[in-house]
Each structure stands twice: as structure tokens, then as C-alpha cells.
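Following: one structure in C-alpha cells, then a few remarks.
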Amino acid sequence: MRVSWRSTLLSYTFLAPALVLLAVFTFYPLLYGSYLGFTEYNGARFANGLAPKWVGTDNFEKLFADPLFLTALKNSVKYLLVVPALQLGALAVAVLVNKQLPGMAIFRAGYYVPVVTSVSLAAVMWEWVFNREGTLNWLLRSLGLTSTESQFGWLNSEAWAFWAVMLVTFWRGFGYYMVLYLAGLQTIPEELEEAAVLDGASAWQRFWRITVPLMRPTILLCTLLSTIAALRVLEEVLVLTNGGPLNSTYTALMYVYAKAFQGFDFDYGLASAAGLVVAAVALLLSAVNFRLFHRPEEEQA
């Protein structure tokens, strides 16, 4: 069917406001930020009103010669350990709460509360939990696992601060992914489950043979979102440890933030280059996720 030019013009007229906003607040910053990654644009040039100076790949050479950036990148990659734990836990709980029982809506809402809790409020709560005199040490002492003399502040420990911050990320993201999985589960026809039960399939067989294959798109989406979020973690680190102790929780995005916005010796070029490296790692891991969840029959279709 032939579409008239008036219909096409009308369609683009409706799209225009959204396209303008995308161009101004998404595409232009993305392109300009990518350009800055190949330039010298630091506090001195900014103060003197000088334009960015093209330096090619010099910023990337500086990055990979900087021990702090390598530590930050290593910590960001290590932070990806939260992804499988978060996804498996969220999927398991989504299966459990996908029941029509009295009060289940309140139970589901309770899991979502951490998602809408501000990071500053969450930081105050978790600092109290991880404090030397906090809830976690009290619990361990009550169970006889530690003594008063051996207790320490978890966020002040170089060995444990990273895992403590990761636990906060797990707590904040759990409800979000559970809701996404729950939405995916509710799209699975009940007839399939009922037919499998009549055929004598166990609960595990129904989960592995019916639920998981039909949930592939949702699992892929959640895994992608969680992977990108793990690489971009900043808020929890900033408010809980500020990258310490001894840079044990310093992440790549915190390096970007520090180089771009902290102090008078900021360096937009170096910060943009670091951002491009993080983006490249995210794209690579996204491609891996797509490969892992790819089904051969989709290609044949």
C-alpha cells in the first residue's frame, strides 16, 4: 500500500519533539563526548578559553599507563560478579511470588521498596549495618562467630569493603529485576504448565523445559541491564566509601567522575576517553550476552 507524503509528513511532525530532545540531550552529547576523548581539554585550556586540541590516541595511552585507572577498570570488571547472583536470585523469587495467594501483592511490593529508596537514605542505613558497632557485627557476635575484639568496620576494610558495597547493589537491584521476571512469567500460557503436569513433569522439569526457554528474551534483557549497571556503578561507591579504602572500591565510572568534575585540575579529554573504554567493555559484554542467549532456530526462521 502506497503511503502519501502527507501521512509521512504528519508522522514526522509528531515524532519531531522527541527527535529534537534526543538530538540535543542524547546524540549530541554522545558524539561530542566521543570527540573529546581524542582531544586535550583540561582545566588550563578551559580557563584560558582555548578550544579542545586534537591529540589522537594520547589519552588512551595515558589511561592504560595510569595504575589508578587499571585498578578502577579491574574493580568494575570484578563487580560483574554481582550479575549472575542478582539474576538467579531475582528469577527464583519471581517464580515463588508468581502465585495467586492472599497478600502476595504486599509481598511483591516489599521486594520493590529498595528500588525506590534514595541512595543517600540507603547509604545511612547500610553504614549503620556495616559499622564496627553495627547490626552485622552484632549478629555475628550473637551467633558466636566473632568476638568484640575481632570486630571491624566492614566499609573500612580493604578486604571486605568491595563486597559490602556489592551487597548494597544487590539489595537495591533485586526488586527491579524480580518485577521484570515476574512480568515475563505472567506471559507464559497456563495451558503449557497444566499439560506438563498431566504428562507427569516435575516442578524442575517444568521450570527447565518450559519456563526458561520462554523466558529467554526477559533473561537477556535483565542480564544486559544488570551488566551495564554493574560497569556503571557509581552512587553506592560514592556515598559509602568514596572509592576507599586504598582504592579497593574505586570503579571506572568513579574515575570518569573524578577526572571530569572533581578539583580544579579536571581533564575532560581523559574523562571522555575513560568513558569510551567503559562503553567499549559494555558493548563487548553485550555481544557476549547476545551470543550466549542466541538460539539457532531464530537464525533459521
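The values are calculated or read from the model by the stated rules, or taken from the named source; none is laboratory data. In this text, all values refer to a predicted model and were calculated from it rather than measured experimentally. Glycine gets a Cβ as well: all are built from the backbone with ideal geometry, and neighbour counts include every protein chain shown. Remember, those area values only see protein heavy atoms, side chains included, never the ligands or the DNA or RNA. Shrake-Rupley method; radii C 1.70, N 1.55, O 1.52, S 1.80 Å.
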Inside segment 93-139, can you point out the residues that are open to solvent by 50 Å² or more (accessible area, probe 1.4 Å), touching a residue at least 40 places away in the same chain (Cβ under 8 Å) and closer than 19 Å to V237 by Cα?
-> S120, E127
Name, by its number, the condition in (1) at pLDDT below 90; (2) open to solvent by less than 60 Å² (accessible area, probe 1.4 Å); (3) part of a helix (DSSP H, G or I); (4) not charged (D, E, K, R) that does not hold for M254.
-> (1)
Which of the residues spanning segment 141-159 are at pLDDT 90 or above and surrounded by 17 or more Cβ atoms within 10 Å (Cβ to Cβ)?
-> W154, L155
Would you mind stating whether K74 is among the charged types (D, E, K, R), under 30 Å from F174 (Cα atoms) and either open to solvent by less than 80 Å² (accessible area, probe 1.4 Å) or not in a helix (DSSP H, G or I) (or both)?
-> no
Any residue at all in segment 178-188 that is open to solvent by less than 70 Å² (accessible area, probe 1.4 Å), touching a Cys at 6+ places or on another chain (Cβ under 8 Å) and either touching a residue at least 12 places away in the same chain (Cβ under 8 Å) or at negative phi (or both)?
-> yes
(1) out of contact with any Phe, Trp or Tyr (no Cβ under 8 Å at 6 or more places or on another chain); (2) open to solvent by 30 Å² or more (accessible area, probe 1.4 Å); (3) not in a helix (DSSP H, G or I) all hold for L221 apart from (3)
Mind listing whichever residues of segment 61-71 are in contact (Cβ under 8 Å) with a residue 40 or more places away in the chain, over 21 Å from F264 (Cα atoms) and more than 24 Å from the chain's Cα centre (by Cα)?
-> none
Restricted to segment 242-288, and to residues that are touching a strand residue (DSSP E or B) at 6+ places or on another chain (Cβ under 9 Å) and of a type in the set (F, W, Y), which residue is farthest from A161 (Cα to Cα)?
-> Y268
Select from segment 232-247 the residues that are open to solvent by 20 Å² or more (accessible area, probe 1.4 Å), in a loop (DSSP other than H, G, I, E, B) and touching a residue at least 12 places away in the same chain (Cβ under 8 Å) and list them in ascending order.
-> R232, L234, T241, P245, L246, N247
Does A273 meet the test of being in contact (Cβ under 8 Å) with a residue 60 or more places away in the chain, surrounded by 21 or more Cβ atoms within 10 Å (Cβ to Cβ) and closer than 14 Å to Y79 by Cα?
-> no
Any idea how many residues of segment 191-216 are open to solvent by less than 80 Å² (accessible area, probe 1.4 Å), under 22 Å from V288 (Cα atoms) and either part of a helix (DSSP H, G or I) or in contact with a Ser or Thr (Cβ under 7 Å, 6 or more places away or on another chain) (or both)?
-> 3
